[in-house]
Amino acid sequence: MTLEAARDALLGDARAAAQRRLEEAETQARAHVEDARRQAEETIARARAHGEAEGRIEAAHEEARERAFARMDVLVAQREAYDELGRRAREAALALRGEPGYADLLERLAAAARRDLGEGAELEIDPPGAGGVRARAGSRQVDYTLAALADRCVAQLGGGVARLWT
């Protein structure tokens with residue numbers, strides 16, 4: 001198997017795992033966002049009732065404040081969902097350490113690091129909590145740890161992650 005095929009397979013597996021995690025996170029995010037929206041609507045309704053009693057100007061100010069708080073709640077829920085997606089993707093990638101082909105994967109990642117940095121590269125194989133390979137040659141370095149690869153996969157989802165909030 002070529003390094004490119006191995007990388008594609010690893011990325012495919014990570015993307016599939018990330019997609020599953022994304023779907024789980026989407027469900028959670030929708031629930032968080034819906035709850036935040038419901039709470040925001042309740043808060044806005046209370047603010048409107050109070051504002052009407054105290055005057056239209058005060059009501060407008062209160063509603064603006066409540067919308068800002070509601071928006072913050074939505075943004076917090078979105079960030080939590082994104083962070084959870086990243087956490088789950090890293091967990092799934094790190095679970096590869098227990099798979100039978102992990103030693104072969106480490107060899108392929110080490111070969112990629114040597115290819116990128118040269119045969120004299122200093123390799124860190126299977127670092128604790130990260131898996132995979134880190135390498136350094138002078139001031140240059142590569143990070144092929146499972147955690148970093150999972151993070152890159154999540155980042156490559158780009159605008160697809162926005163589906164979590166809609």
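Structure above, values below:
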{"quantity": "Pairwise centroid distance, computed over Cα atoms, of the stretch 33-58 with the stretch 101-166, Å", "calculated": "48 Å"}
{"quantity": "12 Å tail of the calculated P(r), the stretch 111-158, as % of Cα pairs", "calculated": "59 percent"}
{"quantity": "Order of THR2, THR27 - criterion: other Cβ atoms within 10 Å of each residue's Cβ, fewest first", "calculated": "THR2, THR27"}
{"quantity": "Amide proton proximity set for ASP126, modelled H, under 5 Å, gap of 5+", "calculated": "GLY132, VAL133, ARG134"}
{"quantity": "Net length gained if the chain between GLU80 and ASP35 were fully extended (0.36 nm per residue, minus Cα distance)", "calculated": "14.8 nm"}
{"quantity": "Per-residue ³J(HN,Hα) for the stretch 63-79, Karplus 6.51 cos²θ - 1.76 cosθ + 1.60, θ = phi - 60°, Hz, x for Gly and Pro", "calculated": "4, 4, 5, 5, 5, 5, 5, 5, 5, 4, 4, 5, 5, 5, 4, 5, 5"}
{"quantity": "Residue order, fewest to most surrounding Cβ atoms within 10 angstrom, among TYR102, TYR144", "calculated": "TYR102, TYR144"}
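Computed from the coordinates by the stated procedures, all read-outs in this text should not be read as laboratory data. Since we're looking at a predicted model, the values are computed, not measured. All Cβ positions, even for glycine, are placed from backbone atoms using ideal geometry, and neighbour counts span all protein chains on display.
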